[in-house]
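Input: a single structure, listed below in structure tokens.
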Amino acid sequence: MGIFLNYMKPELMISLIIFLLLILKLGKGMTNAALLPFIQVLILIGFLITLFLPAEGSLFHGMYRTGRLIGFQKAVLLLGVYLISLLCSGWLKKSEHLTEFIVLMLSALLGMFFLLSSGHLVMFFLSLELATIPVAAMSNFDLDKKASSEAAMKMILSSAFASGILLFGISLIYGITGTLYFDALVSRIEAGPLQVMAFVFLFSAFAFKLSVVPFHLWTADVYEGSPFPVTAFLSVVSKGAVAFTFVSVLYRVFQPLGELWHILLMITAVSTLVIGNLFALRQDNIKRFLAFSSIAQVGFILVGITANDASGTASVTYFILVYLFSNLAAFGVASVIADSTGRENISDYRGLYASHPMLCWVMALALFSLAGIPPTAGFFGKVFLLGAGASRGQLWLIVIAALNMVISLYYYLRVVRAMFMEKQLSPIGTITQELPVRFALLLCVAGILLTGLLSWIYEYIRLLI
Amino acid sequence: MEPGLYHLLFISTALFFIGVFGFLTRRNLITMLMSIELILNSVCLNFVAFNKYVWPGELDGVFFTVFIIAIAAAEAAVAIAIIINLYRSHRSIDVEVAGELKG
């Protein structure tokens, strides 16, 4: 019992918060404005416990395992949820169903925790579903908007289809090896034709969830139609969890097929980088723009994964941490603007610097970090990813990735130019920024600057492996 | 002739691809959902067949089938709720009608 409590601390914390919220919902005594700070404090406590009290070991015959790296990754995801709950407090306070929304978000997070800890394919599949089904329900939360229900429909259908493909791959793997435990699978997988087919099915399901080109078609529509907190959750927390799991499944379970997935990763990395960047060039809606920019970022992550050693895991974890701060800062600014004025287009941001200089600086810093310009953390994140990718000697891949960084500068700077240099005839109006939003933006900016400059953070992640 | 593993695998693979084909060609949301159920059922059949003919000593496949059925029900519940909401706002359950998001 003691071991159980110790190892599953993060999951138990989240389940406890979920039950507490459900009970509070029954009482009907609290307004949104009173409930939200309470929820934020609970999530913060969960984050601190996960970060500072890690455990190492496995439960249920290896079905559930945890370690220092997994604990750190869980803490990163919880930090993301905490920042989202602060950044989108304007939208959350107005929401009619705040409790349900938070409960769904935390259940998805719980699914991701189990996903990171899974050591058995049944666990893996169940937690993957737990991590996706609530998100589809969440993206329908703007109940009166047509775009929101369309986004939810696209999300649930494409994710159900992807999990069908995943299951078919898993069933073939079971037929060949007769086991579903990760540890037992490693020794029984070899590069036979049926195994390769099963692996390709599994790989494409992961590609669906990570929105890797050519499986990215749902991404932009779902991001655009969903409410801001859901878009932020999908692009940062969901993506981070799937990326962490992808790395650990590839490195641990499919090591015997290393040559095969090295080639697959290189092909998909190039297509993801190129297509993501080319489509981002022509977007005007800020959510759609950030969707394609996040597809392009996944391309860089794939380049890092090709390393196939500890540097791959470390650089992906570090990059997700950096990406969390930068992307959430960008989403935060966009969400504040959309909340006060209802506008989501880049052309509406013209001349914003004259009226709201601080917001513009935060946005500019976030976009610089996403583009990978030196003083910000995004630069270091990309350097580690490309460095890890280069360790296998595929220099052409690194050259293509670096060229894509240059292309991405164009569209990131387009937003900055619109804010700082262009004039707007009809001003966007005043934007109210509440205290929690300011605090969260400050945290994001601190994260963008400090994760890059403090070199011990990467070293620390490296030591966790 | 006694039906063996190959017959079952043939049926399940055919079901899988019928499901994929239906999902990609049908434009009615309920039919697309039914295609996904076909895919999931083909997987269940696969698991049970492998369990019976290839790994009679193991139980993992049978257990997995039970979980798939449960998850499929959960997924269908959420999907149908979303489709009902879509019908309220669009007055249709055709995918082509819900085409506001583009670019």
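The values are calculated or read from the model by the stated rules, or taken from the named source; none is laboratory data. Fair warning: this is a prediction, and the values are worked out from it, not measured in the lab. With ideal geometry, Cβ positions are generated from the backbone for all residues, glycine too; neighbour counts draw on all protein chains shown. Note: areas computed on protein heavy atoms with side chains; ligands, DNA, RNA excluded. Shrake-Rupley method; radii C 1.70, N 1.55, O 1.52, S 1.80 Å.
Tell me, what are the semi-axes, in whole angstrom and largest first, of the equivalent ellipsoid of region A:169-211 as set by the roots of 5 times the Cα gyration tensor eigenvalues?
Details: eigenvalues 71, 27, 15 Å².
So the three semi-axes of region A:169-211 are 19, 12, 9 Å.
Pull up the cross-link candidates among the lysines for A:Lys28, meaning alpha carbon to alpha carbon under 24 Å and not fewer than 8 places away within one chain.
A:Lys28 reaches A:Lys93, A:Lys94.
Could you tally the net charge around A:Cys88, taking each other residue with its Cβ under 12 Å from the Cβ of A:Cys88, Lys/Arg +1 and Asp/Glu -1? Walk me through the numbers on the way to the answer.
Working: positive: A:Lys93, A:Lys94; negative: A:Asp339, A:Glu434.
So the environment of A:Cys88 carries a net charge of 0.
How would you rank A:319-327, A:128-136, A:179-187, highest first, on the average number of other Cβ atoms within 10 Å across their residues?
Result, highest mean first: A:319-327, A:128-136, A:179-187.
Would you compute, from DSSP H runs of 4+ residues alone, the mean residue ellipticity of chain B at 222 nm, taking -39500 (n - 2.57) per run and dividing by the full residue count, rounded to the nearest 500? Let's see the in-between values first.
Details: 3 runs with 77 residues, N = 103.
Mean residue ellipticity at 222 nm (helix-derived): -26500 deg cm²/dmol.
Using a probe radius of 1.4 Å on heavy atoms only, what accessible surface per residue do you get for the protein assembly as shown? Whole Å² is fine.
Working: 21770 Å² over 568 residues.
Normalised by residue count, the accessible surface of the protein assembly as shown is 38 Å².
Hey, what D do you get for chain B in µm²/s if you plug the Kirkwood alpha-carbon radius into Stokes-Einstein at 4 °C and 1.567 mPa s? Could you put the intermediate results ahead of the total?
Working: Rh = 15.5 Å.
This corresponds to a translational diffusion coefficient of 84 µm²/s.
Please give me the summed charge of the neighbours of A:Ile49: other residues whose Cβ is under 15 Å from its Cβ, Lys and Arg +1, Asp and Glu -1. Please report the intermediate quantities before stating the final value.
Details: positive: A:Lys9, A:Arg68, A:Lys74; negative: A:Glu11.
Net charge around A:Ile49: +2.
Given contacts defined as C-alpha pairs under 8 Å and at least six residues apart, what's the relative contact order of region A:2-464, whole-number percent?
Numbers: 689 pairs, mean separation 68.3, N = 463.
The value is 15 percent.
Which parts of region A:167-202, residue by residue, lose 30 Å² or more of accessible area when the rest of the protein chains are there, as against the chain isolated (1.4 Å probe)?
Correct list: A:Leu167, A:Phe168, A:Ser171, A:Tyr174, A:Gly175, A:Gly178, A:Leu180.
At a probe of 1.4 Å, how much accessible area disappears from chains B and A on forming the pair, both sides counted, to the nearest 100 Å²? Intermediate results must be reported in sequence, preceding the final value.
Details: alone 7630 and 17960 Å², together 21770 Å².
The contact between A and B buries close to 3800 Å².
Once you have a ≥ b ≥ c as the square roots of the Cα gyration tensor eigenvalues for region A:257-344, tell me rounded if a/c is under 1.5, and otherwise prolate or oblate according to whether a/b is larger than b/c.
Working: a/c = 4.93, a/b = 1.86, b/c = 2.65.
Because a/c hits 1.5 or more and a/b fails to exceed b/c, region A:257-344 counts as oblate.
Projecting each Cα onto the charge dipole of the protein assembly as shown (Lys/Arg +1, Asp/Glu -1 at the beta carbon, about the Cα centre), which of A:Ala418, A:Tyr174, A:Val437 comes out farthest on the positive side?
A:Ala418
Which is the longest run of chain A containing none of the trypsin sites (Lys or Arg not before Pro) found in DSSP loop states (not H, G, I, E, B) with at most 16 other C-beta atoms within 10 Å?
A:146-281
For A:Leu278 and A:Ile45, what does the FRET efficiency come to when R0 = 45 Å and r is the distance between their Cβ atoms, rounded to the nearest 0.05? Don't jump to the answer; show the numbers that get you there.
On the way: r = 44 Å, r/R0 = 0.97.
It comes to 0.55.
Report in % the part of the accessible area of chain A that belongs to carbon and sulfur, leaving out ligands and nucleic acids; probe 1.4 Å.
On the way: 11440 of 16070 Å².
Here carbon and sulfur together make up 71 percent of the probe-accessible area.
With an 8 Å cut-off on Cα pairs and a minimum separation of 6 or more residues, tell me the relative contact order of region A:34-164 in percent.
Values: 125 pairs, mean separation 25.6, N = 131.
Reported relative contact order: 20 percent.
Of A:Lys74/A:Lys146; A:Lys239/A:Lys382; A:Lys209/A:Lys287; A:Lys382/A:Lys423; A:Lys25/A:Lys74, which ones are farther than 23 Å apart at the Cα? Don't skip to the answer; put the middle values down first.
On the way: A:Lys74/A:Lys146 34 Å; A:Lys239/A:Lys382 17 Å; A:Lys209/A:Lys287 18 Å; A:Lys382/A:Lys423 33 Å; A:Lys25/A:Lys74 27 Å.
The pairs that break the limit, which is 23 Å between Cα atoms, are A:Lys74/A:Lys146; A:Lys382/A:Lys423; A:Lys25/A:Lys74.
Based only on Cα atoms, what mean projected area does the convex hull of region A:2-464 have, in nm²?
Working: hull surface 82.8 nm².
That works out to 20.7 nm², a quarter of the Cα hull's surface.
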